[in-house]
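Here is the structure we will look at.
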Amino acid sequence: MGTARKMAQRVRINIDELLDLLARCAVREWEIFYYYTVSGPRLGDIGGVALQNTIERARMEDCSHFEQLVSFISEMGGEVPLDFREFPRLFVNPQPPLSSPLEQSDERAILRALSEAEKGALQAYLNIYHLTEGKDAHTNRLVSSLLEDETRHRRELLAFLPTGAGHSRKASLVQSPSSALSYGIPDLNLRTFKAGT
């Protein structure tokens with residue numbers, strides 16, 4: 001049994017619930033990585049090299065997030081299917097909360113869909129952050145780091161949309177999970193935790 005699992009059990013966190021949430025985040029990260037990979041080349045006209053660099057950085061970070069989450073799930077004593085086709089079927093909601101960028105034809109609609117995908121990841125991490133805050137420091141540190149990256153991804157994507165769709169490019173980096181509200185994400189629910197969402 002891994003040290004991380006023992007720590008979480010010591011503070012009476014429901015391990016199965018936590019593993020389920022982490023697995024859902026892992027699937028979402030891979031899904032967004034895929035969207036960045038196939039949608040990024042279609043966005044050259046609205047953001048040029050700057051947007052391509054932003055997307056490439058977010059793409060690689062989301063791939064890294066997937067790897068970190070899978071490793072952490074194993075450390076917690078959880079398992080992920082060896083067949084990836086089973087992974088999304090087990091953990092992704094039948095009606096995903098985001099519009100696929102692949103369904104969009106307009107470049108700005110693609111960019112908005114990517115930013116919505118990042119918003120979904122943010123909400124998922126905030127749920128885990130609040131579940132583990134003050135209880136499981138190991139998991140909370142990991143989630144805080146991933147949450148900071150996802151906040152930056154969304155902020156940077158929104159900066160390429162017309163005024164009114166996001167916030168200023170001059171916003172500073174997120175300092176804490178609760179400051180996600182400062183980054184053009186006022187509709188995130190920072191208090192509600194519901195298993196399986």
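Filtering region 33-60 down to residues that are β-branched (Val, Ile, Thr) and out of contact with any Phe, Trp or Tyr (no Cβ under 9 Å at 6 or more places or on another chain), which residue is farthest from LEU122 (Cα to Cα)?
VAL49
Run down VAL38, VAL49, VAL27, VAL70 and say which single residue is β-branched (Val, Ile, Thr), in contact (Cβ under 8 Å) with a residue 40 or more places away in the chain and open to solvent by 50 Å² or more (accessible area, probe 1.4 Å).
Checking each option against the conditions leaves just VAL38.
To keep it simple, each residue is scored yes or no on (1) open to solvent by less than 70 Å² (accessible area, probe 1.4 Å); (2) at pLDDT below 80; (3) touching a helix residue (DSSP H, G or I) at 6+ places or on another chain (Cβ under 9 Å).
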residue	(1), (2), (3)
HIS65	yes, no, yes
LEU90	no, yes, yes
PRO96	yes, yes, yes
SER100	yes, yes, yes
GLU103	no, yes, yes
GLU107	yes, no, yes
ILE110	yes, no, yes
LEU114	yes, no, yes
LYS119	yes, no, yes
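The values are calculated or read from the model by the stated rules, or taken from the named source; none is laboratory data. Fair warning: this is a prediction, and the values are worked out from it, not measured in the lab. Backbone-built Cβ (ideal geometry, glycine too); neighbour counts: all protein chains shown. These accessible areas exclude ligands, DNA and RNA; they are computed on the full protein's heavy atoms, side chains included. Shrake-Rupley method; radii C 1.70, N 1.55, O 1.52, S 1.80 Å.
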